[in-house]
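For reference, the structure discussed in these notes is given below.
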Ligand code: CTP
């Protein structure tokens, strides 16, 4: 047990402004932070008891064949048949095979990144993980451009690309995929039946347009394994967010992990308003009991790990 237990009131519905993190009790200035190599090794070892990112990052060709039936992770009674197109995009070997990087960045999508000038710093990492096909081009100064791995929840096809309903939206989606230029595109395809068509469209376009990406499809056990690790450490998350999934997996193949764009609060450290996403106008109720995630509790956990030097949370602007 890493004693990550947090104040249960943070996970509750009540928005108590005294509980909102401030710059001083979360991410201290860079001079105060020292990397705790020993702790990060212990965390890696403990996470490895639950999952191995080298394996769980993707189902491989050898495991499935076209026509196989998969039960969705969230709705077990619903199934899908592995199509020959999806099969073609399964990797033969793990996209993370033998990878170990000195410094990795995980870029969350909070509006805290706007005007951060962190782009260069993010790009200076050896491996850069981004979430949900978040755009980079127009925001390069604040978020950088380098992408080693990017996730794509099927819902993003609807949320950010209007379900490809017109040639224009299809064109935008293809432009974003082409911009990935050989990086890993990580698609949680087996979570919910609602994503079935969107996954099929994406897979079809990648093949038809010969998009240069290394696709990966997380294993069926990944989500439960990640949740299991955090629950064992007394972090009562409902369903881990993409950001927490990425951190948990990154411990396997990164020495130092730097998090940017993690700020699940409407108000910034200086009392300024902060958008849910740096790139759109969506809103989000972080403390809603109905939502699938427990983002503020995740954040508090990451802050604890930051203070102990196991990871570095960046919420301040970069020089
Ligand atoms: N995030 C955050 N604060 C925000 C927005 C996002 O800390 N204001 C982090 C979360 O860990 C989130 C990740 O950045 O998983 C990527 O953001 P987003 O694409 O918005 O994820 P969601 O769709 O909100 O959630 P998920 O993909 O995890 O279901």
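The values are calculated or read from the model by the stated rules, or taken from the named source; none is laboratory data. Because the structure is a prediction, the values reported are computed rather than measured. Positions of Cβ are generated from backbone atoms using ideal geometry, with glycine treated the same way; all protein chains shown enter the neighbour counts.
Residue count for segment 253-269, restricted to those that are closer than 30 Å to residue 55 by Cβ and away from the ligand (no atom under 12 Å from the Cβ): 6. The set of residues in segment 196-215 being more than 12 Å from residue 86 (Cβ to Cβ) and either in a strand (DSSP E or B) or free of Cβ contacts under 8 Å to residues at least 12 places away in the same chain (or both) consists of 197, 208, 210, 214. Determine whether segment 267-277 contains at least one residue that is more than 12 Å from residue 108 (Cβ to Cβ) and under 16 Å from the mean Cα position of the chain (by Cα). The answer is no, given that none of the residues of segment 267-277 is more than 12 Å from residue 108 (Cβ to Cβ) and under 16 Å from the mean Cα position of the chain (by Cα). Among the residues making up segment 87-106, those that are buried (at least 17 other Cβ atoms within 10 Å of the Cβ) and either on the phi > 0 side of the Ramachandran plot or within 16 Å of the ligand (Cβ to nearest atom) (or both) are 104, 105, 106. Taking residue 228 as the residue in question, decide whether it is away from the ligand (no atom under 16 Å from the Cβ) and either assigned to a loop (DSSP other than H, G, I, E, B) or out of contact with any strand residue (DSSP E or B) (no Cβ under 7 Å at 6 or more places or on another chain) (or both). Spelling it out, residue 228 is indeed away from the ligand (no atom under 16 Å from the Cβ) and either assigned to a loop (DSSP other than H, G, I, E, B) or out of contact with any strand residue (DSSP E or B) (no Cβ under 7 Å at 6 or more places or on another chain) (or both). Selection within segment 131-170: residues that are on the phi > 0 side of the Ramachandran plot and in a loop (DSSP other than H, G, I, E, B). The member of this set that is farthest from the ligand (Cβ to nearest atom) is 144.
Within segment 159-171, the set of residues being within 29 Å of residue 250 (Cα to Cα) and over 18 Å from the mean Cα position of the chain (by Cα) comprises just one member, 161.
Screening 232, 241, 251 for residues that are more than 22 Å from residue 289 (Cβ to Cβ) and surrounded by 19 or more Cβ atoms within 10 Å (Cβ to Cβ) leaves exactly one candidate, 251.
Could you tell me whether segment 265-276 includes any residue that is outside any loop (DSSP other than H, G, I, E, B), touching a residue at least 40 places away in the same chain (Cβ under 8 Å) and out of contact with any strand residue (DSSP E or B) (no Cβ under 6 Å at 6 or more places or on another chain)? Looking through segment 265-276, at least one residue is outside any loop (DSSP other than H, G, I, E, B), touching a residue at least 40 places away in the same chain (Cβ under 8 Å) and out of contact with any strand residue (DSSP E or B) (no Cβ under 6 Å at 6 or more places or on another chain).
Within segment 177-195, the set of residues being in contact with a strand residue (DSSP E or B) (Cβ under 9 Å, 6 or more places away or on another chain) and either buried (at least 18 other Cβ atoms within 10 Å of the Cβ) or in a strand (DSSP E or B) (or both) comprises 177, 180, 183, 184, 185, 186, 187, 188, 189, 190.
Is there a residue being more than 16 Å from the ligand (Cβ to nearest atom), over 25 Å from residue 259 (Cβ atoms) and in contact (Cβ under 8 Å) with a residue 12 or more places away in the chain anywhere in segment 107-130? No, that holds for no residue.
Against the test of being at pLDDT 95 or above and surrounded by fewer than 16 Cβ atoms within 10 Å (Cβ to Cβ), the options 30, 84 yield a single qualifying residue, 84. Of all the criteria given as (1) in contact with a helix residue (DSSP H, G or I) (Cβ under 6 Å, 6 or more places away or on another chain); (2) assigned to a helix (DSSP H, G or I); (3) over 19 Å from residue 89 (Cβ atoms), the one not satisfied by residue 243 is (1). Here residue 312 fulfils each of the conditions (1) away from the ligand (no atom under 14 Å from the Cβ); (2) more than 20 Å from the chain's Cα centre (by Cα) apart from (2). Within segment 270-287, if we keep just the residues that are modelled with pLDDT under 95 and more than 12 Å from the ligand (Cβ to nearest atom), the residue that is surrounded by the most Cβ atoms within 10 Å (Cβ to Cβ) turns out to be 287.
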